[in-house]
1. Can you pull out the residues in the range 74-118 that are more than 27 Å from residue 14 (Cβ to Cβ), open to solvent by less than 30 Å² (accessible area, probe 1.4 Å) and over 13 Å from the mean Cα position of the chain (by Cα)?
2. Can you find a residue in the range 34-47 that is assigned to a helix (DSSP H, G or I) and either at pLDDT 95 or above or in contact with a helix residue (DSSP H, G or I) (Cβ under 9 Å, 6 or more places away or on another chain) (or both)?
3. Does residue 29 meet the test of being within 30 Å of residue 99 (Cα to Cα), modelled with pLDDT under 95, open to solvent by less than 30 Å² (accessible area, probe 1.4 Å) and not in a strand (DSSP E or B)?
4. Got a number for residues in the range 55-71 being more than 10 Å from the chain's Cα centre (by Cα) and crowded, with 21+ Cβ neighbours inside 10 Å?
5. Residues of the range 48-94 being among the basic types (Lys, Arg) and not in a helix (DSSP H, G or I), which ones?
6. Scan the range 1-10 for residues that are charged (D, E, K, R) and either at pLDDT below 95 or under 12 Å from residue 55 (Cα atoms) (or both) and jot them down.
7. Could you tell me how many of the residues in the range 111-138 are in contact (Cβ under 8 Å) with a residue 40 or more places away in the chain and of a type in the set (A, V, I, L, M)?
8. Among the residues of the range 122-146, count how many are open to solvent by 40 Å² or more (accessible area, probe 1.4 Å) and either at positive phi or not in a strand (DSSP E or B) (or both).
Amino acid sequence: MRWWDIDPVLELEKDLFPEDAWSRGMFWSELAHSRGPEATRRYLVAETDGRIVGYAGLVAAGEQGDVQTIAVARDVQGTGLGARLLAELLRAATAFECHEVMLECRVDNVRAQKLYERFGFEPIGFRRGYYQPGNVDALVMRLTDPSSSVQGTEING
C-alpha cells in the first residue's frame, strides 16, 4: 500500500466497517512506519482491473506481530483473496522475525474466524466492547510460528 492508495482504501473501509472505519490519519500513520530500514509495518493492497478490492496490514514489535486489518470487497468475498492477504501478512511476520502473531476479530464475524483457524490461529480470550461505537466484543486469537503456518496452508480458493 502506498499513499495514493489511501482514498480508494478509505472507500472500501467505510463500506465494510461503517461503524468503526479507520480514518485517513490512521492509514497515513501506519504507512509512515512501513518503509525504510526501521520499518515495523507491512501494508498491502490487492487490485483487480485497476480497482482495489482488498487490503491488509501488520505491525511487528519485537518477536510479536499483530494483524491490524484485513478487508475484502463484498463482490470478491469467498474467492480466497482474504486467505492470500493473510498469507502475505504471515510471510511479512516471518521476515520481521516474529515468533507469534496476534489479532482481534469481531465475535460476530464467524467467516473471518474460520479463515484464521485454517491458518492455525487459536482463540485465547476476549476484549469486551473493543469495537466502538457499537460496543462489540473482540475475540483475541494467537498463532505461534507463523512461518510454518504459511508453508502448510493451502491458499487457493
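1. 98 - this is the single residue of the range 74-118 that is more than 27 Å from residue 14 (Cβ to Cβ), open to solvent by less than 30 Å² (accessible area, probe 1.4 Å) and over 13 Å from the mean Cα position of the chain (by Cα).
2. Initial filter on the range 34-47 (assigned to a helix (DSSP H, G or I)): none.
No, the range 34-47 contains no residue that is assigned to a helix (DSSP H, G or I) and either at pLDDT 95 or above or in contact with a helix residue (DSSP H, G or I) (Cβ under 9 Å, 6 or more places away or on another chain) (or both).
3. Details: within 30 Å of residue 99 (Cα to Cα): yes; modelled with pLDDT under 95: yes; open to solvent by less than 30 Å² (accessible area, probe 1.4 Å): no; not in a strand (DSSP E or B): yes.
Answer is no for this residue.
4. Of all residues in the range 55-71, those more than 10 Å from the chain's Cα centre (by Cα) come to 60-65.
If we keep only those that are crowded, with 21+ Cβ neighbours inside 10 Å as well, we get 65.
Residues meeting the conditions: 1.
5. 51
6. Step one: list which residues in the range 1-10 are charged (D, E, K, R), which gives 2, 5, 7.
Once the filter is applied, which keeps residues that are charged (D, E, K, R) and either at pLDDT below 95 or under 12 Å from residue 55 (Cα atoms) (or both), the range 1-10 yields 2, 5.
7. 1
8. Residues that pass the stated criteria total 4.
The values are calculated or read from the model by the stated rules, or taken from the named source; none is laboratory data. Here the structure is a predicted model, which means the values were calculated and not measured. Here Cβ is always computed from backbone atoms with ideal geometry, including for glycine, and neighbour counts include all displayed protein chains. The accessibility values were calculated without ligands, DNA or RNA, using every heavy atom of the protein model including side chains. Shrake-Rupley method; radii C 1.70, N 1.55, O 1.52, S 1.80 Å.
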